[in-house]
1. With only Lys, Arg, Asp and Glu charged, each at its Cβ (+1 for the first two, -1 for the last two), find how big the charge dipole of the chain is about the Cα centre; round to the nearest 20 debye.
2. According to a simple spin-label model (label point 7 Å from Cα along Cα-to-Cβ), what is the distance in nm between Asn266 and Glu197?
3. Compute the length gained on full extension between Lys143 and Thr23: take 0.36 nm times their separation in residues and subtract their Cα-Cα distance, giving the result in nm to one decimal.
4. Report the accessible area of Phe18, computed with a 1.4 Å probe over the heavy atoms of all protein chains in place, in Å² rounded to the nearest 10.
5. Counting helices only, and only those DSSP H runs with n ≥ 4, report the 222 nm mean residue ellipticity of the chain as the sum of -39,500 (n - 2.57) divided by its residues, in deg cm²/dmol to the nearest 500.
6. Give the long-range amide H neighbours of Tyr245: residues separated by 5 or more places, or on another chain, with amide H under 5 Å away, using H modelled in the peptide plane at 1.01 Å from N.
7. Give me the percent of accessible area attributable to carbon and sulfur for the stretch 205-247, probe 1.4 angstrom.
8. Can you give me the Kirkwood hydrodynamic radius for the chain, using every pair of distinct Cα atoms, in Å to one decimal?
Amino acid sequence: MIISKHEVLKQVYYPLKFIKNITEFIGISSKDSLRVLNFHDIAAYDYVKFEKQLRWLSNSWNFVNPEQFSEMVSGHEKIKGRNLLITFDDGFLSNRIVAEKILNPMNIKAIFFCISDFIDIHDNEEAKTFIKDRICLGWSVEKLPIHWKNMNWDDLSALVEQGHTIGAHTKSHARLSTILNTEELKSEIVYSADLIEKKLGISIDHFAYTFGDIDSISKEAIDIAKTRFKYIYSGLRGRNKGRNYGIFRDAAADQDNNMNYYLYSNSLLGSFLEGVADPFYISNKKQFEAWYQL
(Lines give C-alpha, C1' and ligand atoms only; values in the text may rest on other atoms or scores of the structure.)
Protein backbone atom coordinates (compact mmCIF):
# COMPACT_ATOMS: atom_id res chain seq x y z
CA MET A 1 0.00 0.00 0.00
CA ILE A 2 1.33 3.44 -0.98
CA ILE A 3 1.13 6.02 1.81
CA SER A 4 0.75 9.63 0.67
CA LYS A 5 2.95 12.46 1.93
CA HIS A 6 -0.03 13.99 3.69
CA GLU A 7 -0.70 10.77 5.57
CA VAL A 8 2.90 10.74 6.76
CA LEU A 9 2.62 14.35 7.90
CA LYS A 10 -0.55 13.55 9.84
CA GLN A 11 1.24 10.79 11.70
CA VAL A 12 4.27 12.86 12.65
CA TYR A 13 2.38 15.83 14.07
CA TYR A 14 1.91 14.70 17.66
CA PRO A 15 5.43 13.26 18.10
CA LEU A 16 6.83 16.41 16.47
CA LYS A 17 4.74 18.67 18.71
CA PHE A 18 5.90 16.75 21.79
CA ILE A 19 9.56 17.16 20.81
CA LYS A 20 9.12 20.86 20.02
CA ASN A 21 7.45 21.48 23.37
CA ILE A 22 10.47 19.96 25.11
CA THR A 23 13.03 21.89 23.03
CA GLU A 24 11.14 25.14 23.59
CA PHE A 25 10.87 24.46 27.34
CA ILE A 26 14.63 23.91 27.74
CA GLY A 27 15.46 26.82 25.42
CA ILE A 28 16.94 24.95 22.46
CA SER A 29 14.33 26.33 20.04
CA SER A 30 12.23 29.48 20.09
CA LYS A 31 8.52 29.39 20.79
CA ASP A 32 8.09 32.73 18.97
CA SER A 33 6.49 32.37 15.55
CA LEU A 34 4.47 34.39 13.03
CA ARG A 35 2.64 32.47 10.32
CA VAL A 36 -0.28 32.99 7.93
CA LEU A 37 -3.03 30.52 7.11
CA ASN A 38 -4.68 30.88 3.70
CA PHE A 39 -8.15 29.68 2.66
CA HIS A 40 -10.31 30.08 -0.44
CA ASP A 41 -13.94 28.92 -0.57
CA ILE A 42 -15.43 27.11 2.41
CA ALA A 43 -18.52 25.07 1.61
CA ALA A 44 -21.53 25.05 3.95
CA TYR A 45 -20.89 21.44 4.95
CA ASP A 46 -17.48 22.50 6.30
CA TYR A 47 -18.67 25.41 8.47
CA VAL A 48 -18.80 23.34 11.64
CA LYS A 49 -15.43 21.75 10.92
CA PHE A 50 -13.93 25.18 10.18
CA GLU A 51 -15.12 26.60 13.51
CA LYS A 52 -13.89 23.56 15.42
CA GLN A 53 -10.53 23.78 13.70
CA LEU A 54 -10.13 27.45 14.59
CA ARG A 55 -10.97 26.69 18.21
CA TRP A 56 -8.46 23.84 18.17
CA LEU A 57 -5.80 26.17 16.77
CA SER A 58 -6.58 28.75 19.45
CA ASN A 59 -5.26 26.30 22.05
CA SER A 60 -1.74 26.68 20.66
CA TRP A 61 -1.86 29.88 18.59
CA ASN A 62 -2.83 33.48 19.12
CA PHE A 63 -4.92 34.87 16.27
CA VAL A 64 -3.64 38.32 15.33
CA ASN A 65 -5.50 40.91 13.30
CA PRO A 66 -4.00 42.44 10.14
CA GLU A 67 -2.80 45.52 12.03
CA GLN A 68 -0.97 43.45 14.64
CA PHE A 69 0.49 41.24 11.92
CA SER A 70 1.73 44.29 10.01
CA GLU A 71 3.51 45.62 13.07
CA MET A 72 5.15 42.26 13.76
CA VAL A 73 6.17 41.37 10.21
CA SER A 74 7.71 44.80 9.66
CA GLY A 75 9.71 44.57 12.88
CA HIS A 76 7.92 47.43 14.66
CA GLU A 77 6.55 45.06 17.28
CA LYS A 78 8.44 42.10 18.71
CA ILE A 79 7.10 38.65 17.85
CA LYS A 80 6.18 36.98 21.13
CA GLY A 81 4.58 33.58 21.30
CA ARG A 82 2.86 31.75 18.46
CA ASN A 83 0.90 34.12 16.24
CA LEU A 84 -1.40 33.34 13.33
CA LEU A 85 -3.06 35.55 10.69
CA ILE A 86 -6.03 34.29 8.63
CA THR A 87 -6.39 35.21 4.94
CA PHE A 88 -8.74 34.27 2.11
CA ASP A 89 -8.05 34.44 -1.63
CA ASP A 90 -10.26 35.15 -4.68
CA GLY A 91 -13.39 36.62 -3.07
CA PHE A 92 -15.91 33.78 -2.92
CA LEU A 93 -19.27 34.64 -1.35
CA SER A 94 -18.69 32.02 1.34
CA ASN A 95 -15.98 34.31 2.71
CA ARG A 96 -18.54 36.81 3.97
CA ILE A 97 -20.72 34.01 5.37
CA VAL A 98 -17.94 32.43 7.43
CA ALA A 99 -16.79 35.87 8.55
CA GLU A 100 -20.22 36.62 9.98
CA LYS A 101 -21.05 33.15 11.26
CA ILE A 102 -17.67 32.09 12.60
CA LEU A 103 -14.87 34.68 12.55
CA ASN A 104 -16.79 37.60 14.06
CA PRO A 105 -18.14 35.68 17.08
CA MET A 106 -14.57 34.49 17.74
CA ASN A 107 -13.20 38.04 17.30
CA ILE A 108 -10.90 36.93 14.48
CA LYS A 109 -10.17 39.56 11.85
CA ALA A 110 -8.91 38.41 8.45
CA ILE A 111 -7.59 39.75 5.16
CA PHE A 112 -9.74 39.03 2.09
CA PHE A 113 -7.72 39.23 -1.14
CA CYS A 114 -10.12 40.05 -3.98
CA ILE A 115 -9.99 40.19 -7.79
CA SER A 116 -11.43 43.48 -9.05
CA ASP A 117 -12.97 42.02 -12.24
CA PHE A 118 -14.58 39.22 -10.20
CA ILE A 119 -16.15 41.70 -7.75
CA ASP A 120 -17.74 43.58 -10.65
CA ILE A 121 -19.72 40.56 -11.91
CA HIS A 122 -23.46 40.58 -11.12
CA ASP A 123 -24.64 37.43 -12.92
CA ASN A 124 -24.05 33.98 -11.41
CA GLU A 125 -23.43 32.31 -14.76
CA GLU A 126 -20.96 35.01 -15.72
CA ALA A 127 -19.21 34.49 -12.39
CA LYS A 128 -18.95 30.75 -13.08
CA THR A 129 -17.49 31.46 -16.51
CA PHE A 130 -14.92 33.78 -14.93
CA ILE A 131 -13.96 31.07 -12.44
CA LYS A 132 -13.60 28.53 -15.26
CA ASP A 133 -11.50 30.83 -17.43
CA ARG A 134 -9.40 32.60 -14.80
CA ILE A 135 -9.27 30.67 -11.51
CA CYS A 136 -9.90 26.95 -12.13
CA LEU A 137 -8.27 26.60 -15.50
CA GLY A 138 -9.33 23.75 -17.73
CA TRP A 139 -12.62 22.96 -16.00
CA SER A 140 -16.10 23.30 -17.46
CA VAL A 141 -18.80 25.41 -15.84
CA GLU A 142 -20.91 22.29 -15.33
CA LYS A 143 -18.23 20.67 -13.16
CA LEU A 144 -17.75 23.62 -10.83
CA PRO A 145 -19.35 23.43 -7.35
CA ILE A 146 -22.88 24.74 -7.61
CA HIS A 147 -22.56 27.04 -4.58
CA TRP A 148 -19.61 29.04 -5.95
CA LYS A 149 -20.51 32.71 -6.23
CA ASN A 150 -18.54 35.93 -5.98
CA MET A 151 -18.68 38.68 -3.39
CA ASN A 152 -19.81 42.06 -4.69
CA TRP A 153 -18.97 45.57 -3.53
CA ASP A 154 -21.70 45.51 -0.87
CA ASP A 155 -20.24 42.31 0.57
CA LEU A 156 -16.79 43.86 0.79
CA SER A 157 -18.18 47.02 2.38
CA ALA A 158 -19.88 44.84 4.99
CA LEU A 159 -16.60 43.08 5.77
CA VAL A 160 -14.85 46.42 6.17
CA GLU A 161 -17.58 47.62 8.55
CA GLN A 162 -17.07 44.43 10.56
CA GLY A 163 -13.38 45.26 11.03
CA HIS A 164 -11.84 43.03 8.40
CA THR A 165 -9.22 44.08 5.83
CA ILE A 166 -9.52 43.94 2.04
CA GLY A 167 -6.43 43.20 -0.03
CA ALA A 168 -5.78 43.18 -3.78
CA HIS A 169 -5.45 39.96 -5.78
CA THR A 170 -4.94 41.36 -9.32
CA LYS A 171 -7.50 42.53 -11.86
CA SER A 172 -8.30 39.24 -13.61
CA HIS A 173 -6.46 36.53 -11.63
CA ALA A 174 -3.69 36.57 -14.22
CA ARG A 175 -0.49 34.60 -13.82
CA LEU A 176 1.81 37.60 -13.57
CA SER A 177 4.95 35.78 -14.69
CA THR A 178 3.41 35.37 -18.16
CA ILE A 179 2.83 39.09 -18.67
CA LEU A 180 5.71 40.88 -20.36
CA ASN A 181 4.00 44.22 -21.06
CA THR A 182 4.66 46.75 -18.28
CA GLU A 183 1.39 48.60 -18.74
CA GLU A 184 -0.56 45.34 -18.55
CA LEU A 185 1.27 44.43 -15.35
CA LYS A 186 0.37 47.81 -13.88
CA SER A 187 -3.26 47.25 -14.82
CA GLU A 188 -3.31 43.89 -13.05
CA ILE A 189 -1.38 44.99 -9.98
CA VAL A 190 -1.72 48.75 -9.46
CA TYR A 191 -4.82 50.03 -11.24
CA SER A 192 -7.01 47.20 -9.97
CA ALA A 193 -6.03 48.00 -6.37
CA ASP A 194 -6.67 51.69 -7.01
CA LEU A 195 -10.19 50.80 -8.18
CA ILE A 196 -10.93 48.76 -5.04
CA GLU A 197 -9.54 51.56 -2.90
CA LYS A 198 -11.75 54.14 -4.60
CA LYS A 199 -14.89 51.99 -4.52
CA LEU A 200 -14.60 51.11 -0.83
CA GLY A 201 -13.03 54.35 0.39
CA ILE A 202 -10.22 52.56 2.22
CA SER A 203 -6.48 52.09 1.82
CA ILE A 204 -5.38 48.91 0.03
CA ASP A 205 -1.96 48.12 1.46
CA HIS A 206 -1.90 44.31 1.10
CA PHE A 207 -1.38 42.37 -2.14
CA ALA A 208 -1.31 38.62 -2.77
CA TYR A 209 -0.22 37.52 -6.20
CA THR A 210 -2.24 34.74 -7.83
CA PHE A 211 -1.38 31.02 -7.73
CA GLY A 212 1.28 31.74 -5.11
CA ASP A 213 4.20 29.65 -6.39
CA ILE A 214 7.49 31.08 -7.56
CA ASP A 215 6.76 30.26 -11.20
CA SER A 216 3.71 32.56 -11.11
CA ILE A 217 5.63 35.74 -10.24
CA SER A 218 8.51 37.66 -11.80
CA LYS A 219 10.99 40.26 -10.67
CA GLU A 220 9.27 42.79 -12.95
CA ALA A 221 5.90 42.14 -11.27
CA ILE A 222 7.47 42.37 -7.82
CA ASP A 223 9.15 45.68 -8.66
CA ILE A 224 5.79 47.14 -9.72
CA ALA A 225 3.99 45.75 -6.67
CA LYS A 226 6.63 47.26 -4.37
CA THR A 227 5.79 50.74 -5.67
CA ARG A 228 2.12 50.32 -4.69
CA PHE A 229 1.83 48.08 -1.60
CA LYS A 230 3.30 47.93 1.88
CA TYR A 231 2.87 44.14 2.12
CA ILE A 232 3.14 41.45 -0.57
CA TYR A 233 2.07 37.84 0.07
CA SER A 234 3.18 34.63 -1.61
CA GLY A 235 1.93 31.05 -1.39
CA LEU A 236 5.15 29.57 0.00
CA ARG A 237 5.10 27.98 3.43
CA GLY A 238 7.22 29.41 6.22
CA ARG A 239 7.66 31.63 9.24
CA ASN A 240 7.57 35.39 8.79
CA LYS A 241 9.91 37.94 10.31
CA GLY A 242 11.13 41.35 9.23
CA ARG A 243 9.99 41.05 5.64
CA ASN A 244 7.09 43.12 4.26
CA TYR A 245 7.52 41.68 0.77
CA GLY A 246 7.26 37.99 -0.09
CA ILE A 247 5.30 37.12 3.05
CA PHE A 248 4.91 33.37 3.42
CA ARG A 249 1.52 31.66 3.79
CA ASP A 250 0.44 28.12 4.61
CA ALA A 251 -2.37 26.69 2.49
CA ALA A 252 -5.01 25.31 4.86
CA ALA A 253 -7.07 23.35 2.32
CA ASP A 254 -6.86 21.46 -0.94
CA GLN A 255 -9.23 20.59 -3.79
CA ASP A 256 -10.80 17.24 -4.55
CA ASN A 257 -11.59 15.76 -7.97
CA ASN A 258 -14.78 17.85 -8.14
CA MET A 259 -12.89 21.10 -7.41
CA ASN A 260 -14.44 21.42 -3.93
CA TYR A 261 -12.03 22.84 -1.36
CA TYR A 262 -11.69 20.57 1.65
CA LEU A 263 -10.08 21.57 4.93
CA TYR A 264 -6.98 19.75 6.08
CA SER A 265 -7.28 17.63 9.20
CA ASN A 266 -6.04 19.15 12.44
CA SER A 267 -2.98 16.91 12.52
CA LEU A 268 -1.99 17.70 8.92
CA LEU A 269 -2.51 21.42 9.39
CA GLY A 270 -0.62 21.25 12.67
CA SER A 271 2.36 19.62 10.96
CA PHE A 272 2.49 22.41 8.39
CA LEU A 273 2.32 25.07 11.10
CA GLU A 274 5.12 23.36 13.02
CA GLY A 275 7.24 23.89 9.88
CA VAL A 276 7.67 20.28 8.77
CA ALA A 277 7.33 21.27 5.09
CA ASP A 278 9.31 24.52 5.29
CA PRO A 279 12.64 22.96 4.13
CA PHE A 280 11.09 22.08 0.78
CA TYR A 281 10.70 25.80 0.02
CA ILE A 282 14.24 26.91 0.86
CA SER A 283 15.47 27.34 -2.72
CA ASN A 284 12.32 29.23 -3.74
CA LYS A 285 12.63 31.47 -0.70
CA LYS A 286 16.19 32.34 -1.64
CA GLN A 287 14.99 33.32 -5.11
CA PHE A 288 12.32 35.54 -3.56
CA GLU A 289 14.76 37.21 -1.24
CA ALA A 290 17.11 37.91 -4.13
CA TRP A 291 14.28 39.55 -6.13
CA TYR A 292 12.87 41.58 -3.25
CA GLN A 293 16.22 42.92 -2.13
CA LEU A 294 17.32 44.16 -5.52
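The values are calculated or read from the model by the stated rules, or taken from the named source; none is laboratory data. Bear in mind that the values here come from a model prediction, so they are computed numbers and not experimental data. We place every Cβ from the backbone using ideal geometry, glycine too, and count neighbours over all the protein chains shown. Accessible surface is based on the protein model in full, side chains and every heavy atom, while ligands, DNA and RNA are left aside. Shrake-Rupley method; radii C 1.70, N 1.55, O 1.52, S 1.80 Å.
1. On the way: 36 positive and 38 negative charges, 249 e Å.
Charge dipole of the chain: 1200 debye, to the nearest 20.
2. 4.3
3. Numbers: separation 120, 0.36 × 120 = 43.20 nm, distance 4.78 nm.
Length difference between fully extended and current span is 38.4 nm.
4. Ignoring ligands and nucleic acids, Phe18 comes out at about 130 Å².
5. Values: 12 runs with 109 residues, N = 294.
Only helices count here, giving -10500 deg cm²/dmol.
6. Long-range HN contacts for Tyr245: Ile232.
7. Numbers: 690 of 1500 Å².
Using a 1.4 Å probe with all protein chains present, the stretch 205-247 comes out at 46 percent carbon and sulfur.
8. On the way: mean 1/r = 0.0509 Å⁻¹.
One decimal place: 19.7 Å for the Kirkwood radius.
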